[in-house]
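Okay, so here's the structure we're looking at.
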Amino acid sequence: MAQSWDLTALINAADAKAGQAERHLWLVRLMEWLRHAPRSATPAPPGTEPPDHTRTPLPVLRLRHLLNQVEKNEQLRQQVQGLAEAFWRDIDAASLFADLGFGARLSFGSELISRVHLRLLPGTPETRDLASLFRLLFEPEDAEWVAALDSGTLARAAKLLGPADGEVLRGVLLGAITILVSAVHSAGHTTALRQRMDATALQDEPFRQLTQAAAALREAVLQGRHDEALKAAAYLRALLDACRHAAASVMPHLEQYGVSVDIVFDLDQLRGRTLRIEQLVDCVLAPEPLPEGRRLLLELLRVLGEQLGLRALFARHYSLLARQVAERSAETGEHYITRSRTEYRDMLRRALGGGAVIAGTTFLKFAIAALGFTAFWGGFWAGVNYAASFVLVMLLHWTVATKQPAMTAPAMAASLPRGTSASDAEIEGFVDRVAQLIRSQAAAIAGNLAMCFPLVLAVQLIAKAAFGETPVGEKDAQYVLHSITLLGPTALFAAFTGVLLFASSLVAGWAENWFVLHRLDSAIAWNPRIVARLGAARAQRWARWWRAHISGLAANISLGLMLGLVPALLGFFGLPIDVRHVTLASGQLGAALGALGWGLLAQPAFWWCVAGIAVTGVLNLTVSFTLAFRVALRSRGVRVQDRRRIGAALWRRLRTQPLSFFRPPSEGSGPGGA
């Protein structure tokens, strides 16, 4: 649209008597003309363009040409200046400096929705809010040519398009400071932040004193008392620094007692407002306002780019939550890594117990399927079956192999060498952890399968000998042979199951963070009603039990329900995605062998299913571990800069001590020994 305007027509369209929306639309077209008009539409006067056209951005050249044309013609200059004066007279300019980049929203979620609206919904020039109009006038990419403006061109543009009276703009900046100070004062007294701030940082009440300091600065500036203004500004800056220090004291509290995305959002808004206040104070007191004004404009353009993007919002506010989730998973994951033969044997024992429970889960799975529920209710009850089984395994202190990778990955990331300065000992220590993890996974899978498959097979054979029929019939057995074979979509379904395993670890970390953030363990221990109902001693025991098990309960219940419900929900949308869990699949194959007899061992279909189970185990573990490992790395800010050294160390260990990845060291040898 803007490219259809040539410079003469654009200048002639400037009309100070036009309505506000028309005046704003003219300014929008002016900015579009600067950016997008064809080069032929803005011929630069002879000798004004440098030989190298890449040195001066084209919008700067167009702006110079515009200024030259207007300054040569008094009538055109009066037209444009008249429109600019009407613009500054009717616009709420303080909103640009006080509101841009700061949500009037009360939470992270509402701010996210607001930003989505900004990206999707068109803006209108019919507004008094300069913050809203700024998004139509400027684009984040304009920062490049604004920074390239020379001081002479900047001064000419400010004289033509800025307020006729410099005191008007100074009053606008002082008004914005008042608005921002009020917001900081209010944020510092909110319950969520105040109760988490360090008490020593609040002793001098910096938030309460802000309004008085800002008022003193405003009075000194408006009355022209420069020395008093400098003293008031110094005091205000000291208070702002104290407010930032108090706000920073909230972060250690969050890391210890649980992260709230909304609190992190409030902290960022508070800190951003204090920095904006200091920028505005610099502009108000600057002897030469134009350089400070340019710095402020560049900052507003940077903020505009962040406000139109969602990645920066997510990156900052969810990085701490991701770290908290990963750290809590790392604490749990330490229990799944074996370092000695004693721990290795204990892992085998616990895996055998988990395999026994999953054997019972297998029979209940077939029983639920035989009831003929609809897809949703069949998936729901299957999920309840899985969830109850996983919770039982947890309460008996046994283990299911596929639960481990998503928990152990953060623990692995915590031991990863950082940077190129990692010593050989650190790298070898990381290789030891890799070996410990792999053999722990191998022990868990071996224990699960060594119990689940033969136990299901034994129940099938005993039932057939005693009653002449098996709990799982031949029809179901044939279905098993077609569903878990490697010749079908087993690999895809197994990888998808790995994603669900990873998702359950995120749910576990989030649930524990939520539990700790809201201090529910303390509430259970000391709430008067709970204490009256349970008694003091039992309430304390319950509080400790829930604090210790909330993560495991969330992980196991969420995983079970996802394994049952997600395929049913995806099927509703026409996506035939199923799940393949290695231990459940082994139990199903055991049931098929018991139903069809020993002759099945001679058929290729059986061995294709065995291959499918092997691939299922590998994909369940590797996909969930890889996803959890990546999240842990990002949340900890770890950058693997020395991958060649780590890879070489792993390869060297594999060549020299291959059994260390599958067999634990003897009690007297080192961690990497075979």
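Every number in this text was worked out from the coordinates using simple rules, so none of it is lab data. What you see is a predicted model; the values in this text were computed from it and never measured. Cβ sites come from the backbone with ideal geometry, for glycine too, and all protein chains shown count toward neighbours.
A straight line joining the Cα centroids of segment 522-538 and segment 475-490 runs 52 Å. Please give the FRET efficiency for R295 paired with W514, using the beta carbon to beta carbon distance and R0 = 35 Å, rounded to the nearest 0.05. According to the calculation, E is roughly 0.25. Residue-wise HN-Hα couplings along segment 268-276, as the Karplus relation 6.51 cos²θ - 1.76 cosθ + 1.60 with θ = phi - 60° gives them from phi, are 5, 5, 4, 5, x, 5, 5, 5, 5 Hz; Gly and Pro carry x. Stretching the chain fully between D6 and R89 yields a gain of 27.1 nm (0.36 nm per residue, less the alpha carbon separation).
Taking Cβ atoms as reference points and 11 Å as the exclusive limit, the residues near V281 contribute a net charge of 0, counting Lys and Arg as +1 and Asp and Glu as -1. The chymotrypsin sites (Phe, Trp or Tyr not before Pro) of segment 520-578 that meet both conditions, a loop assignment by DSSP and at most 16 other Cβ atoms within 10 Å of the site Cβ, are F573. Sparse packing (at most 14 other Cβ atoms within 10 Å of the Cβ) combined with a DSSP loop state is found for none of the trypsin sites (Lys or Arg not before Pro) in segment 233-304. Among the trypsin sites (Lys or Arg not before Pro) found in segment 430-532, not one is both in a DSSP coil and sparsely packed, with 10 or fewer other Cβ atoms within 10 Å of its Cβ.
Judged by the ratio a/c of the largest to the smallest principal axis of the C-alpha gyration tensor, segment 321-661 counts as oblate, that ratio being 1.5 or greater while a/b is no larger than b/c. Among residues other than A477 with Cβ under 14 Å from its Cβ, the summed charge is 0 (Lys and Arg +1, Asp and Glu -1).
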